[in-house]
1. If A:GLY182 satisfies all but one of (1) at negative phi; (2) within 8 Å of chain B (Cβ to nearest Cβ); (3) buried (at least 20 other Cβ atoms within 10 Å of the Cβ), what's the number of the condition it fails?
2. Under 8 Å by Cβ, and 6 or more places apart or on different chains, what pairs join a residue from the range B:326-355 that is within 30 Å of B:LEU21 (Cβ to Cβ) and in the same structural domain as B:LEU299 (by TED's automatic domain parsing) with one that is aromatic (Phe, Trp, Tyr) and in a helix (DSSP H, G or I)?
3. Among the residues of the range B:189-202 satisfying the criterion of being at the interface with chain A (Cβ under 9 Å from one of its Cβ atoms) and touching a residue at least 40 places away in the same chain (Cβ under 8 Å), which is surrounded by the most Cβ atoms within 10 Å (Cβ to Cβ)?
4. Evaluate the following for A:SER203: is it among the hydroxyl-bearing types (Ser, Thr, Tyr) and farther than 30 Å from A:LEU67 by Cα?
5. Of all residues in the range B:179-214, which are of a type in the set (D, E, K, R) and over 21 Å from the mean Cα position of the chain (by Cα)?
6. Would you be able to say whether some residue in the range A:145-161 is touching a His at 6+ places or on another chain (Cβ under 9 Å), more than 25 Å from A:ALA250 (Cβ to Cβ) and more than 7 Å from chain B (Cβ to nearest Cβ)?
7. Do you know which residues across the range B:160-179 are away from every other protein chain (no Cβ under 14 Å) and crowded, with 22+ Cβ neighbours inside 10 Å?
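The values are calculated or read from the model by the stated rules, or taken from the named source; none is laboratory data. Remember, it's a predicted structure, so these values are computed and weren't measured experimentally. For neighbour counting, all protein chains shown are included, and Cβ atoms are generated from backbone atoms with ideal geometry for every residue, glycine included.
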Amino acid sequence: MTSRIDRRFAETKAAGRPALVTYVMGGDPDLATSQAILEALPQAGADIIELGLPFSDPMADGVVIQLGAQRALAQGQTLLGVLGMVEDFRRKDETTPIVLMGYYNPIYIFGVERFIEAAVSAGVDGLIIVDLPAEEDDELCIPALEAGLNFIRLTTPTTDDKRLPTVLKNTSGFVYYVSMTGVTGAAIKSRGAVGEAVDRIKSHTDLPVAVGFGIKTAEDAADIGRHADGIVVGTVLVDAIANSLEDGKATDRTVAAVRELVADLAGGVKRARS
Amino acid sequence: MSTPNTNSLRNGPDEHGRFGLYGGRFVAETLMPLILDLEREYRAAKTDPVYQAELKDLATHYTGRPSPLYFAERLTRHLGGAKVWFKREELNHTGSHKINNCLGQILLAKRMGKTRVIAETGAGQHGVATATVCAKFDLPCTIFMGATDVERQMPNVLRMKMLGAEVRPVTAGAGTLKDAMNEALRDWVTNVDTTYYLIGTAAGPHPYPEMVRDFQSVIGTELKEQFRAIEGKLPEAVVACVGGGSNAIGTFHAFLDDPDVAIYGAEAGGHGIEVDNGHAASMTGGRPGVLHGNRTYLLQDADGQILEGHSISAGLDYPGVGPEHSFLHDTKRVTYVPITDQEALEAFQLCTRMEGIIPALESAHGLAQVIKLAPTMAGDQSVVLCLSGRGDKDVESVGKYLGLLT
């Protein structure tokens, strides 16, 4: 079964470049602006979109994404609200894959079955749930896969060769390699090590490998993109949103700031293999 | 288990780290290899006579175990019912039960070759105990503590600093234990190679709830033996306060398969269970969810966002509880009751005036339940409270509440 994600990676591979995966928080800084950002992303050069599910206690995120979640929650954003954003997006865009990224509790409280049904019907393609390791696959991963959603797993520098098969077993869509031990937004310690890690993962799987955490500029994108099938940027985009606000509210610069940054990063991705 | 008993309530957790529905390993992949290592190391240590002997020796000569079982004579007469006893964990070195767990874990950290220790703390009791063992075993340590708690537990902050720990105030959220735990987890994810996370309560990802329970079970095991030696039977009831629930599970575990012993856990009722977000009674006022590595009862809103909760006691001011308590709540083996700030303050004063013992505000919650319970019991019956900590750290905040300070 090929998914939107499979097709998109096939396209970028054919084009001889890595995919640009962009993360924004669903509902940040408010629902309408977030929707406008979401819809601007593909045209600006995003190949795949990760849409954050806001959570009160994002343990794996740095302060920038924590604040993004707080802004969304302060505006009353809910899980249902984020699914609504995807539904609206799908009416205009049938091809750009959307992956929801977040933490398990809001899904657990919503109800796993109900969530999967709503996600499929809204047009969600995949899930990245940070606090569901392979050991907890029965919770959400298996039922999500059965419903045709991709379940994208994070692998990290601590995931050694012995553990990789466990982690990759129920992974689909792509593998998300976290470039460092740390929270989102920190700096990559060694670029060389990232390339080696990607090669190591590729020796275990045919899935595309995207690298994230710590990619901030078009140069980073070009550099890391040489070794990877995709690069993920999140913190810089959420930070750009934060910097465009006045008194915590969106301005006419907010959507443009994200669009320009994504266009710049897309340029980096295109240079990656040249 | 040496005597596998399928009906026992003491068999948990299963191989997935579950106590029934609760527990588990809900952590980021970065931490998974480490907590699997930790589990292996703990299993090995458990059966290693050298490790066990070292722990026993430290318990005796460093902590001062066994802690006494004390008959609270005036309080018993005052309440006019069951005999009231205190298991005096507040007499341990560092002033609470927390040291029992810290010694067990620091020896593990050493075995694993870790060179740095981090911990979260609410009231500062666990922070002090961690800073203490890190001083003794010469490991640098960083303690994460909510900014609100730094404020209301200043004596413990000073103790930690004097012991050589770095205290990092956490300003996110309400600046309490939940926020401290988030920040400790972020540090751990970042420094996973070198750092041992010394969790202070019987919560978090497997194997922590089991491990912390095992280290604290000395409380109930001793209590059972001491009580039998004096009274020739088991007590009719045991009581402990429950935040994350480490002193409580340590007290309860030895009695879980003794159906004639009633077990009560006192949760933080704050301003009252009916007040929205005004309490920290996760079992009475919450529902099951997933946070900080485990599934357990949590205070949360309809969308699964975690609430801050409130308690006068920094050590109980946490929106979750250890998973084994959630299991014991569902199976009804333990009765969990909310105790308000006011009830705890009254118990604090009564204990201080009548027994000459200043209890920690956390333990005062347990005492408030004893005060309710003892008069309903017969004079030949007994109720034992785990007096988990001493109240030196609380004299300033209680003084403020009582208007003794201007």
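1. (1)
2. Note: pairs meeting the criteria are B:LEU328/B:PHE252; B:VAL334/B:PHE252.
3. In this case the residue turns out to be B:VAL189.
4. Yes: the conditions hold for A:SER203.
5. B:ARG186, B:ASP187, B:ASP193
6. yes
7. B:MET160, B:ALA165
Yes/no matrix, rows are residues, columns are (1) under 20 Å from B:GLN125 (Cα atoms); (2) more than 14 Å from every other protein chain (Cβ to nearest Cβ); (3) part of a loop (DSSP other than H, G, I, E, B); (4) in contact with a helix residue (DSSP H, G or I) (Cβ under 9 Å, 6 or more places away or on another chain):
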residue: B:ASP276; (1), (2), (3), (4): no, yes, yes, no
residue: B:GLY289; (1), (2), (3), (4): no, no, no, yes
residue: B:ARG295; (1), (2), (3), (4): no, no, no, yes
residue: B:ASP303; (1), (2), (3), (4): no, no, yes, yes
residue: B:ILE312; (1), (2), (3), (4): yes, yes, yes, yes
residue: B:GLY315; (1), (2), (3), (4): yes, yes, no, yes
residue: B:TYR318; (1), (2), (3), (4): yes, no, yes, yes
residue: B:VAL321; (1), (2), (3), (4): yes, yes, yes, yes
